[in-house]
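The numbers here are math on the coordinates, done by the rules we state, and not lab data. Treat the numbers as computed from the prediction; the structure is a model and nothing was measured. Virtual Cβ from ideal backbone geometry, glycine too; neighbours counted across all protein chains shown.
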Amino acid sequence: MWEPERASEGPLLIIASITEQVAYVYRNGICIARSSVSTGRPGHRTPTGVFTILEKEVHHTSSIYKGAEMPYMERVTWGGIALHAGDLPGYPDSHGCVRLPLEFSKLLFGVTMKGATVIIADAHSAPAETVHPGLFFTRSGEESEPIPAGQFEWNADKSPSGPVALIVSSADKTVYVYRNGVEIGRAGIPNPQVILPLNDRVFSALPGTDADGHLRWVQVTAKAKDSSSESLFLAAQKSRLPTDFLTKAKEVITPGTTIIFTDKPVDPTTQSHTGFQVVVAQKDKPSATTD
C-alpha cells in the first residue's frame, strides 16, 4: 500500500512491528503506506525502541557480509541497524536490519529525511490525537505556574536548523532537546512528583491548535502495555520546568516535532539488542557497517 495523497503534508512517522512483520508510515497521523518486512532472525534480534534516521544512502554496500548490496539504506543506529531493500522470505531473516521490498524502500527513501522518527516495536497501535504533551510547555497547568527552579542549558546555535525531537526521561529527571540529531538544550525536572512511570510513548506535533489554543499531537504507543493517559497529564501539570527553558523550547516546537517519554536513561551510545531503548543521533559519530 502506498497512498501519500491521503495526507500530503505533516510530520512523518515510521513504525516497524516485529510481531506483525509489517512497517507502517504515518503522515499527519494518517497511515499513508504499509508494507511487509523481514526483521532479525534468532540470534540477530532487531532492537526495539525509538530511533532517528541518522544517515541515508541510495547505494550502500555491506563491508562485513561479502559486499552485499543494501539499496536505499536508512541508518537508525551507529551499531549497524538500518532500513533497506532486501529479500523478504515471509519470516524474520535479517541480521538485525529491517528489510523492505525494493520499490517500497525507494518510495520511502523519497519522503524521509535525516532526523525523522522510526519506532521498532513488538506491537503496533495507530496514532491517537492528544494535547497532553503540550502541557509540558505551557504555563496554564492547574497545579501552579512553572517556577524558575532547576538548572538548564540552551545552545541553539549548535544546530540552527533541522527536525526537532524532545526526550523526557524519568530515569535522568531531565528533558533533552535535539535538533537535527544534535543536543541543543536540556533541563532538570525539579519536581519529584513528575518522576512516575511514563513508559515509552512517542508524540508528533500536528499543524494548528485545538479550540483551547493547545498544540495538537498524535500519540503512538510504542509498547504493548501502556500507562494511563492520566499519569502523563499529571506529570505535565507538576513538571515545573524552568520558565526560560519553557520559552525557548516552545519556540522550536513546530509541526513534525517529536516528544518521547521514557523511563530509561538517554544514552546515544546504547546499542544493546535486548529491551526497549532510546537512541539519538550524534553529529560527528562515524559510520558503521549494516546488516
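Worth pointing out:
- Cross-linked pairs K114/K173; K106/K250; K106/K158; K56/K173; K114/K264: Cα-Cα separations exceed 30 Å for K106/K250; K106/K158; K56/K173.
- Close amide H partners of I81, meaning residues 5 or more places away or on another chain with modelled amide H under 5 Å apart, are V76.
- Where labels lie 7 Å past Cα in the beta-carbon direction, separation of S161 and R34 in nm: 3.7
- Likely footprinting exposure, T254, T243, fewest C-beta neighbours within 10 Å first: T254, T243
- Tensor-based shape of segment 67-107 (alpha-carbon gyration tensor, a/c under 1.5 rounded, otherwise prolate or oblate): oblate
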